[in-house]
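Asks: Take this structure first; my questions come after.
The values are calculated or read from the model by the stated rules, or taken from the named source; none is laboratory data. Everything quoted here is computed from the prediction, not taken from an experiment. For neighbour counting, all protein chains shown are included, and Cβ atoms are generated from backbone atoms with ideal geometry for every residue, glycine included.
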Amino acid sequence: MFSIIIPTFNNIDYLKLCIKSIKKNSSYDHEIIIHINEGEDGTLEYVKENNFLYSFSKFNKGVCTAFNKSVELSSKKFIVLAHDDMYFCPNWDNVFASEIAKLSKNKDFFMSGIMVQPFKSYINLDCGKTYEVFDEEKLLNEVGKIEHNDFQGTHWQPSLIPRQTWDKVGGFSEEFNPGLGSDPDFNMKLWKSGVRLFKGLANSRVYHFSSVSLRKKAWNNGAKTFLLKWGISIKFFKKFYLKTDTVYNGELKEPVRNFQFILGLFICKLNFFYTKYIYNLSNIKKNL
């Protein structure tokens, strides 16, 4: 039904657990596509032995390139973007499928599930911070008992997007590699293309071990890249455009240009000017 895209970076044990959960807890048959960064831990051999579709980079290219290369291999109408440190909970795909059925044909949208994490977050349930101590039985027994509302302005994985919508915006912007800031940038591109349905589905759930892959990479300054690209901050975009983390109440509209909006926009423009013309100039002088 879906093409599930999973980038991985020398993380074979988490990848195996992720794939196990998809096979165990999915109601539909899905196409699994893996992008392997390096694969020095046996990932490449594992993927080949199990006949998964995959793309490969000899060196770590980052999550943006990984998503883009993998989507090129997909054959389904809908794409699910995931990470290798996620465990898919029962009913996750039923919730996505039911939501798609409510929409008109060829509707552009961006949806996501919700992350269950072993610390304060959307849904807090401690079933282990690493795969070695992961309590799968506890998760399966408890996760369905926790209530949460559908929410507005999602920009996280696991995310669901039509292939046609992905193609309209050209996938992820690779200047955000290895990945910080890439999700809100992708959503800004969707917003600019006219997408207004950004919905987080509370009953499509994954357990998340919290950026195990990202912690292994060199971090990029995604906030700075976003500011220089769009002229506003990620925080401003999430608050006034996506209305992130508020209760879902329908498709988004253009932000109300009230005093708070104008003040926030003014601060963004000051930060943009400082970052582009003063901060960058001072760094250039230091390197001379």
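Asks: TYR277 versus (1) modelled with pLDDT of 95 or more; (2) loosely packed, with under 13 Cβ neighbours inside 10 Å: which is the lone unmet condition?
Replies: Every condition holds for TYR277 apart from (1).
Asks: If you go through the stretch 86-114, how many residues are at pLDDT below 95 and touching a strand residue (DSSP E or B) at 6+ places or on another chain (Cβ under 9 Å)?
Replies: 1
Asks: Related question: Which of the residues belonging to the stretch 114-136 are among the acidic types (Asp, Glu) and either in contact with a Ser or Thr (Cβ under 6 Å, 6 or more places away or on another chain) or part of a helix (DSSP H, G or I) (or both)?
Replies: Taking the stretch 114-136 and keeping what is among the acidic types (Asp, Glu), we get 126, 132, 135-136.
Result: GLU132, GLU136.
Asks: Sticking with this structure for a sec: Looking only at the stretch 18-62, how many residues end up being of a type in the set (Gly, Ala, Ser) and outside any loop (DSSP other than H, G, I, E, B)?
Replies: Total meeting the criteria: 3.
Asks: Quick test of your reading of the structure: ASP185 fulfils all but one of (1) more than 22 Å from TYR241 (Cα to Cα); (2) among the charged types (D, E, K, R); (3) surrounded by 14 or more Cβ atoms within 10 Å (Cβ to Cβ); (4) out of contact with any Leu (no Cβ under 9 Å at 6 or more places or on another chain). Name the failing condition by number.
Replies: (1)
Asks: Output yes when any residue across the stretch 93-110 is crowded, with 16+ Cβ neighbours inside 10 Å, over 19 Å from the mean Cα position of the chain (by Cα) and among the hydroxyl-bearing types (Ser, Thr, Tyr), and no when none is.
Replies: no
Asks: Among what's in the stretch 208-232 and is at pLDDT below 75 and surrounded by fewer than 15 Cβ atoms within 10 Å (Cβ to Cβ), pick the residue that is farthest from PRO158 (Cα to Cα).
Replies: Looking at the filtered set, the residue picked out is ALA218.
Asks: Suppose the filter is touching a Phe, Trp or Tyr at 6+ places or on another chain (Cβ under 8 Å) and either assigned to a helix (DSSP H, G or I) or aromatic (Phe, Trp, Tyr) (or both); does PHE96 pass it? Can you show your working first?
Replies: Values: touching a Phe, Trp or Tyr at 6+ places or on another chain (Cβ under 8 Å): yes; either assigned to a helix (DSSP H, G or I) or aromatic (Phe, Trp, Tyr) (or both): yes.
Yes.
Table: residues versus (1) without any contact (Cβ under 8 Å) to a residue 24 or more places away in the chain; (2) outside any helix (DSSP H, G or I); (3) of a type in the set (Gly, Ala, Ser).
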| residue | (1), (2), (3) |
| --- | --- |
| SER112 | no, yes, yes |
| LYS138 | yes, no, no |
| GLN157 | no, yes, no |
| ASN187 | no, no, no |
| ARG196 | no, yes, no |
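Asks: Restricting to the stretch 111-147, count the residues that are over 21 Å from LEU15 (Cα atoms), more than 22 Å from the chain's Cα centre (by Cα) and among the hydrophobic types (A, V, I, L, M, F, W, C).
Replies: 1
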